[in-house]
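The values are calculated or read from the model by the stated rules, or taken from the named source; none is laboratory data. Nothing here was measured: the structure is a model prediction, and the numbers come from that model. Glycine also receives a Cβ, built like all others from the backbone with ideal geometry; neighbour counts cover every protein chain displayed.
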Amino acid sequence: MNRFLLFYLLSLSILLLSCKDRKGILPEHTSFCDSIKRKTTTSLSKELATLNDSMKTQTGVYVLEDGGGAMITRAWLTESAEKSIDIQYFIFSLDNVGLIAIDYLVRAADRGVKIRLLVDDLMVDADIEDILILDSHKNIAIRVYNPGVNLGKNIVQKLGTFATKFRSANLRMHNKTFIVDGKVLITGGRNIADEYFDYDHEYNFRDRDVLLLGKGTKKVHTSFEEFWNSELSVPIAQMVNDPQPEKQDKNRFDRLHEYACNPENFWPQIREKIARLQEAFPSIKASNKLVWVDELEFVSDQPGKNDGNSGLGGGGKTTTRLIRLIKNAKKSIEIQSPYLVTTELSQQLFKDAVDRGVKVRILTNSLASTDNLEAFAGYQSTREALLKTGVRIFEFRPDAAARMQIMTGELQKTINYTPIFGLHSKSMVVDSEITVIGTFNLDPRSANLNTECVTIIHSDQVAQNVLVGIEKEFNPENAWETTLEFNPDSKVDAYKRIKTWTRKILPKDIL
């Protein structure tokens, strides 16, 4: 285990040292915002008025397939919020999308909306001083889940934490929820960063979220409260010796606002969509893809995931519920998971399903499309065993044709090359009747270490809507089918294959 730990720490140090330097990204002084007239007539109560009766007894479900639509919907909800916005994310980057999102949140806070932001410590790509400035707003509160591995630590301290507190340092919060006024929310696979909204110049994700409104939102809000009040969630001000930024500086958010208003930081088409924000929710309401359902489950792990009595194992509520869904499948299971690292237990689970006549197909990343060589190395080591269970495996192409429908197109129209398109959607459709959209990857980390959340929707109509996209992505123009005789690993150069091979030394339990 010592050599495993040493290699893991070295890999972690490379990851942490390679984080982008965000300093200097904001302009010193400009006046872009002076030319922008913001509409203030939007309100969530007004838009929901015609839906109130349905919301009392049912849950409205609208699947957010494309990145541009997912971003605009979040922006509209932020501008429409009247009382509160509760946000929980694994990754919240201060890149282009992240800064624009924060600008919207600060403006909402300025008009009295209470903002609570809970982020996991491991992947926060920001300086603690910048977060403290945001937290200094009287209507914004920020907490960090399971701190000690990133924010406020130098590289030696970070490595020391993983070396001395290996298990606890690996307990991360992977939940993703965005709750507005306790009435409407978004949950699913997307984090807050450029690549989740079709905005990155090098690499973007095919992902999936779900918008929920009405009865089913209560459980999500309860889960957020449990995490917010957990002893693992620490107020950002408690993580530093001098937590007082320049609170008296009334202009401390000006540079942020000017950055978000600068037209150079948007594709022109995105600026046009933002100008038409008030059309966002009415178009969703009018869509035949807003489906009202009687039965919806939201399942979330508890903070801390498990008691540690089984070492790095132990599972949680999401793991148990997903196993039960697979065990009860009668005809078919369609899965999308960016990472596919199986154990003997999960392989047997799928074999049992295949043996009773269930058709199982899984779409995961290829070596050419993955953003995580460590996870791919774990998949590569177990791929043959999984194929022998009778499961059909498809691997996503980095140039998948589906990107032209799933991505909003602004990026592709602006640059003269195609960024890599990777899979990040974590979805499952069982028997063409039950749809699962969430944060859970098919790997030991999601099963035993990370806290996860999934939305389970009992609706033929929602299942059919989601299957339209999933079916297309199994096609040859979007994925290679991997068999015992063929895999697409050779589609990448030798250097990437060698790098992947070196990652096989890592213990599968942490992948």
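What single numbered condition from (1) among the charged types (D, E, K, R); (2) in a helix (DSSP H, G or I); (3) farther than 21 Å from Gly316 by Cβ; (4) modelled with pLDDT of 90 or more fails to hold for Lys496?
(4)
Return yes when Ala353 is in a loop (DSSP other than H, G, I, E, B), more than 28 Å from Asn146 (Cβ to Cβ) and touching a helix residue (DSSP H, G or I) at 6+ places or on another chain (Cβ under 8 Å) and no when it is not. First the steps, then the outcome.
Working: in a loop (DSSP other than H, G, I, E, B): no; more than 28 Å from Asn146 (Cβ to Cβ): yes; touching a helix residue (DSSP H, G or I) at 6+ places or on another chain (Cβ under 8 Å): yes.
The answer is no for Ala353.
Can you tell me which residue among Ile434, Ile470, Ile420, Ile457 is of a type in the set (A, V, I, L, M) and under 20 Å from Ala375 (Cβ atoms)? Steps first, please.
Working: Ile434 fails: under 20 Å from Ala375 (Cβ atoms); Ile470 fails: under 20 Å from Ala375 (Cβ atoms); Ile457 fails: under 20 Å from Ala375 (Cβ atoms).
The conditions single out Ile420.
Tell me, which residue of the stretch 71-103 that is more than 17 Å from the chain's Cα centre (by Cα) and outside any helix (DSSP H, G or I) is nearest to Phe227 (Cα to Cα)?
Ile85
From (1) buried (at least 17 other Cβ atoms within 10 Å of the Cβ); (2) at pLDDT below 95; (3) under 21 Å from Val466 (Cβ atoms), pick out the condition that doesn't hold for Ala377.
(3)
Being at pLDDT 95 or above and charged (D, E, K, R) is the filter; apply it to the stretch 160-182 and report the residue that is nearest to Val462 (Cα to Cα).
This residue is Lys176.
Residue-wise test of (1) of a type outside the set (S, T, N, Q); (2) modelled with pLDDT under 95; (3) surrounded by fewer than 13 Cβ atoms within 10 Å (Cβ to Cβ).
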position	(1), (2), (3)
Cys261	yes, yes, no
Glu264	yes, yes, yes
Ala286	yes, yes, yes
Ser300	no, no, no
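Could you grab me the full set of residues in the stretch 194-247 that are among the hydrophobic types (A, V, I, L, M, F, W, C), out of contact with any helix residue (DSSP H, G or I) (no Cβ under 6 Å at 6 or more places or on another chain) and within 27 Å of Leu363 (Cβ to Cβ)?
Result: Val210, Leu211, Leu212, Val220.
Being in contact with a Phe, Trp or Tyr (Cβ under 6 Å, 6 or more places away or on another chain) and small (Gly, Ala, Ser) is the filter here, so list the residues in the stretch 162-183 that pass it.
Ala169
Test Ser346 against the criterion of being hydroxyl-bearing (Ser, Thr, Tyr) and not in a loop (DSSP other than H, G, I, E, B), and give yes or no. Let's see the steps before the verdict.
Numbers: hydroxyl-bearing (Ser, Thr, Tyr): yes; not in a loop (DSSP other than H, G, I, E, B): yes.
It is true that Ser346 is hydroxyl-bearing (Ser, Thr, Tyr) and not in a loop (DSSP other than H, G, I, E, B).
Only one of (1) more than 30 Å from Val462 (Cα to Cα); (2) part of a loop (DSSP other than H, G, I, E, B); (3) among the basic types (Lys, Arg) is not met by Arg143, so which one is it?
(2)
Looking only at the stretch 193-206, how many residues end up being farther than 23 Å from Val466 by Cα and not in a loop (DSSP other than H, G, I, E, B)?
Within the stretch 193-206, residues that are farther than 23 Å from Val466 by Cα and not in a loop (DSSP other than H, G, I, E, B) number 2.
Would you check which residues across the stretch 356-370 are part of a strand (DSSP E or B) and either of a type in the set (A, V, I, L, M, F, W, C) or at pLDDT below 95 (or both) and list them? Let's see the steps before the verdict.
Pass one, the stretch 356-370, residues part of a strand (DSSP E or B): 359-365.
If the condition is that a residue be part of a strand (DSSP E or B) and either of a type in the set (A, V, I, L, M, F, W, C) or at pLDDT below 95 (or both), then Val360, Ile362, Leu363 are the ones that fit.
Could you check, for the stretch 210-231, whether at least one of its residues is within 18 Å of Tyr104 (Cβ to Cβ) and either in contact (Cβ under 8 Å) with a residue 60 or more places away in the chain or part of a loop (DSSP other than H, G, I, E, B) (or both)? It would help to see each step written out before you state the result.
At the first step, the residues of the stretch 210-231 found to be within 18 Å of Tyr104 (Cβ to Cβ) are 211.
Then keep just the ones that are either in contact (Cβ under 8 Å) with a residue 60 or more places away in the chain or part of a loop (DSSP other than H, G, I, E, B) (or both); that gives 211.
Taking every residue of the stretch 210-231 in turn, at least one turns out to be within 18 Å of Tyr104 (Cβ to Cβ) and either in contact (Cβ under 8 Å) with a residue 60 or more places away in the chain or part of a loop (DSSP other than H, G, I, E, B) (or both).
So which residues in the stretch 453-493 are part of a loop (DSSP other than H, G, I, E, B) and at pLDDT 95 or above, if there are any at all? Working first, answer last.
Restricting attention to the stretch 453-493, the residues satisfying the condition of being part of a loop (DSSP other than H, G, I, E, B) are 459, 474-478, 483-487, 492-493.
Ser459, Phe474, Asn475, Pro476, Glu477, Asn478, Thr483, Leu484, Glu485, Phe486, Asn487, listed by residue number.
Identify, please: which residue in the stretch 446-481 is more than 20 Å from the chain's Cα centre (by Cα) and among the β-branched types (Val, Ile, Thr) and is, among those, surrounded by the fewest Cβ atoms within 10 Å (Cβ to Cβ)?
Val468
For the stretch 179-192, does any single residue satisfy the condition of being assigned to a helix (DSSP H, G or I) and either under 17 Å from the mean Cα position of the chain (by Cα) or crowded, with 16+ Cβ neighbours inside 10 Å (or both)?
Taking the stretch 179-192 and keeping what is assigned to a helix (DSSP H, G or I), we get none.
No.
Condition (residue is modelled with pLDDT under 95, under 26 Å from Arg143 (Cα atoms) and acidic (Asp, Glu)) applied to the stretch 219-227: is it met by at least one residue?
The answer is no; no qualifying residue exists.
Yes/no matrix, rows are residues, columns are (1) crowded, with 18+ Cβ neighbours inside 10 Å; (2) within 27 Å of Asp181 (Cα to Cα); (3) small (Gly, Ala, Ser):
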site: Gly112; (1), (2), (3): no, yes, yes
site: Val119; (1), (2), (3): yes, yes, no
site: Leu122; (1), (2), (3): yes, no, no
site: Glu129; (1), (2), (3): no, no, no
site: His137; (1), (2), (3): no, yes, no
site: Pro147; (1), (2), (3): yes, no, no
site: Leu151; (1), (2), (3): yes, no, no
site: Gln157; (1), (2), (3): no, no, no
site: Phe162; (1), (2), (3): yes, no, no
